[in-house]
Amino acid sequence: MSEDSFGLVPPPFQPEAALIGLRRSLRDLGLAERGAGFELRGKRVLELAAEESVVRARIARRLMLTPEWDTLILKGAADTRKLVDEVKKRLARWERED
C-alpha cells in the first residue's frame, strides 16, 4: 500500500448520482436541457450518457448546428469538475467569438 493513501479509499463512482449534479451545474451555466443533451441558443453543445461505471460526455468543439465532438470519459468526481470547468471555458470562448 502506498504511503500517500493514508489508508483511505475513495467512495465508488456512481454515474447516476454524478449525472444529477452535472445537470444542475450545467443548467446553472445557462444551458438548456433537451433530452440527454444541453443546448445554447438552440445549438447542441453537450451530451451525457451514464454507463455501468462511467459517464460518457460529448462536448462540441465549436458552437454549430452540426458540431464536431470531443468525447470525455468521467470516472470520478475530479473528472466531473474538470468537465464543468471545460464547459465554462468553451462558453466564454463562444461568447467572445460571436
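Each value in this text was obtained by applying a stated rule to the coordinates, not by laboratory testing. Everything numeric in this text was worked out from a predicted model, so none of it was measured. When we count neighbours, we look across all protein chains shown, and the Cβ atoms used for this are built from the backbone with ideal geometry, even at glycine.
Can you name the residue in region 44-98 that is assigned to a strand (DSSP E or B) and over 12 Å from the mean Cα position of the chain (by Cα) and is also nearest to Glu33 (Cα to Cα) among such residues? Selected residue: Arg44.
Considering only residues in region 27-57 that are in contact with a strand residue (DSSP E or B) (Cβ under 6 Å, 6 or more places away or on another chain) and buried (at least 18 other Cβ atoms within 10 Å of the Cβ), the one that is nearest to Pro12 (Cα to Cα) turns out to be Val55.
Selection over region 8-30 of residues that are assigned to a loop (DSSP other than H, G, I, E, B), without any contact (Cβ under 8 Å) to a residue 24 or more places away in the chain and either touching a helix residue (DSSP H, G or I) at 6+ places or on another chain (Cβ under 7 Å) or hydrophobic (A, V, I, L, M, F, W, C) (or both) gives a count of 2.
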